[in-house]
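Data first, discussion second: the structure below is written as structure tokens.
The values are calculated or read from the model by the stated rules, or taken from the named source; none is laboratory data. These numbers come from a predicted model, not from an experiment. Note that each Cβ is placed from the backbone with ideal geometry, even for glycine, and that neighbours are counted across all protein chains shown. Accessible surface areas use protein heavy atoms only, side chains included; no ligands, DNA or RNA. Shrake-Rupley method; radii C 1.70, N 1.55, O 1.52, S 1.80 Å.
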Amino acid sequence: MFRTAILSVKFLKMESKSPYFSPKKTRNFVKQSGLKATLLQKAIQAREVTPEPVASTSVNEKASVPSVPQIKIEPLDDPPEKKPRAPRRKPIKVESSPDRRQGDDPQVDVVVHKSPRKRTPIKEEWVEGWEPVNWRPMLENIRRMRLERPAPVDSMGCDQFRDDVTVPPKTRRFHTLVSLMLSSQTKDQANFECMQRLRKHGLTPEQMVATDVETLEKLIHPVSFYKNKAKFIRQTSALLLSTYDGDIPDTIEGLMKLPGVGAKMAHLCMGAAWNIVTGIGVDTHVHRISNWLGWVPRETRTPEETRLLLERWLPFELWEEVNHLLVGFGQTICTSTYPRCNECGNAEICPARGKHGIRRTPIKKEIKQEELEF
């Protein structure tokens with residue numbers, strides 16, 4: 001009995017000192033409390049029982065009885081109440097611009113596009129006078145390959161409508177803007193056929209406002225995101241009539257306030273519609289090829305980042321040409337998957353040769369419609 005009590009007390013001491021036996025407020029808290037109560041009860045019962053005399057060799061020597069130490073039991077604090085978690089908010093699909101009514105037509109919801117947020121400036125310092133290695137021979141080779149192999153952008157690009165003398169200049173500029181809005185993530189052939197149907201229907205701001213959304217969706221159905229683009233075209237048309245007298249803005253800031261128009265479209269529209277070069281139009285082809293050829297000092301993640309770095313070193317007189325060259329080059333030879341490095345004139349000086357696979361099938365004589373990724 002005494003031995004059991006001593007072991008129980010030792011166990012309690014070890015439990016109070018050892019970090020492995022520290023009481024934790026877990027789901028086993030009830031089990032731990034019950035074990036402590038049992039051991040303490042046995043220790044108290046052991047103290048109440050009179051110990052039997054123990055024989056000793058000396059008469060004056062008394063049997064030594066082990067004393068049970070006093071244990072101070074402190075009540076444990078109640079576990080703190082957990083605050084209920086706030087319910088997760090479901091993602092809200094937000095339009096590209098808030099609804100604001102303008103004009104006198106109550107049937108048209110005019111949406112004004114917010115100005116784009118300011119991008120974080122490039123952290124690393126720019127080395128003055130930096131330019132890519134062998135960029136001039138690369139550019140000459142791309143020009144030669146573009147002459148030998150026509151691309152879809154040459155005959156069905158968005159800039160084909162600026163030379164149409166059968167319509168007034170104001171209408172030509174509107175055609176260019178609508179073509180750029182429809183070209184996002186759409187093949188050139190599908191975009192060109194869609195523009196032909198719209199022109200046959202009547203492609204003016206007044207006609208677009210008078211056309212209901214369902215009819216407009218059917219006219220532009222082959223293009224990607226046709227439902228959103230149909231709304232953007234109607235909203236843009238109403239905004240042009242109420243603010244710009246049916247014409248398109250002649251500034252980058254004005255174009256980027258239109259629903260569905262971004263930086264790349266705005267720069268291309270300024271060059272094609274107003275014949276004013278304000279920046280380089282960087283789409284997925286220009287963004288990809290610029291990184292592969294080493295035309296940027298570091299790898300970029302977005303087309304806008306690529307545009308800012310290209311404009312720092314590329315001569316201004318090449319800003320308008322480089323978009324048309326690289327887009328066609330990316331559609332025919334330097335494709336995103338398995339580029340035709342064996343047929344490229346820059347194969348010997350290209351730093352990315354063979355890193356993305358090599359397509360060995362020859363180029364077909366007919367023009368292959370490559371999807372334009374914006």
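Bin width 5 Å, origin at 0, all Cα-Cα pairs of the stretch 228-277: what percent of pairs per bin?
Distribution as computed: 5, 24, 29, 27, 14, 2 percent.
When the Kirkwood hydrodynamic radius is evaluated over all pairs of different C-alpha atoms of the stretch 131-216, what value in angstrom, to one decimal, is obtained?
On the way: mean 1/r = 0.0662 Å⁻¹.
For the stretch 131-216, inverting the mean 1/r across all distinct Cα pairs yields 15.1 Å.
For a quick check: with amide H placed at 1.01 Å from N, whose amide H comes under 5 Å from Gly246's, ignoring anything fewer than 5 positions away on the same chain?
Here Leu241 satisfy the definition.
Ignoring ligands, DNA and RNA, what accessible area per residue does the stretch 235-359 give at 1.4 Å, in Å²?
Spelled out: the 1.4 Å probe surface of the stretch 235-359, per residue, equals 39 Å².
Gain in length, Arg353 to Phe316, computed as 0.36 nm per residue apart minus the alpha-carbon separation, to one decimal in nm?
Numbers: separation 37, 0.36 × 37 = 13.32 nm, distance 2.82 nm.
Stretched fully, the Arg353-Phe316 segment lengthens by 10.5 nm.
So which of Lys218/Lys264; Lys187/Lys264; Lys187/Lys218; Lys218/Lys257; Lys229/Lys257; Lys231/Lys257 end up more than 21 Å apart, counting from Cα to Cα? Let's see the in-between values first.
On the way: Lys218/Lys264 27 Å; Lys187/Lys264 17 Å; Lys187/Lys218 17 Å; Lys218/Lys257 26 Å; Lys229/Lys257 15 Å; Lys231/Lys257 15 Å.
Pairs exceeding the cut-off: Lys218/Lys264; Lys218/Lys257.
Using a cut-off of under 18 Å, list every residue of the stretch 212-251 whose amide N is near the label point 7 Å from the Cα of Arg197 along the Cα-to-beta-carbon line.
212-234, by backbone N distance to the label point.
In whole Å and largest first, what semi-axes does the C-alpha gyration tensor of the stretch 242-315 yield when each eigenvalue is scaled by 5 and square-rooted? Walk me through the numbers on the way to the answer.
On the way: eigenvalues 150, 28, 15 Å².
For the stretch 242-315, the ellipsoid semi-axes come out as 27, 12, 9 Å.
Just to confirm a number: summing +1 for Lys and Arg and -1 for Asp and Glu over residues other than Asn134 whose beta-carbon lies under 11 angstrom from that of Asn134, what do you get?
Values: positive: Arg136; negative: Glu131, Glu140, Glu348.
The answer is -2.
By the scheme Lys and Arg +1, Asp and Glu -1, what is the net charge of all other residues having a beta-carbon under 11 Å from that of Ile276? Write down the numbers at each step before the final one.
Working: positive: none; negative: Asp250, Glu320.
Around Ile276, the charge tally is -2.
If we sort 349-358, 223-232 on the protection proxy, mean other Cβ atoms within 10 Å, highest first, what's the order? Before the final figure, lay out the partial values.
On the way: 349-358: 14.3, 223-232: 18.5.
So the peptides 349-358, 223-232, ranked by packing, come out 223-232, 349-358.
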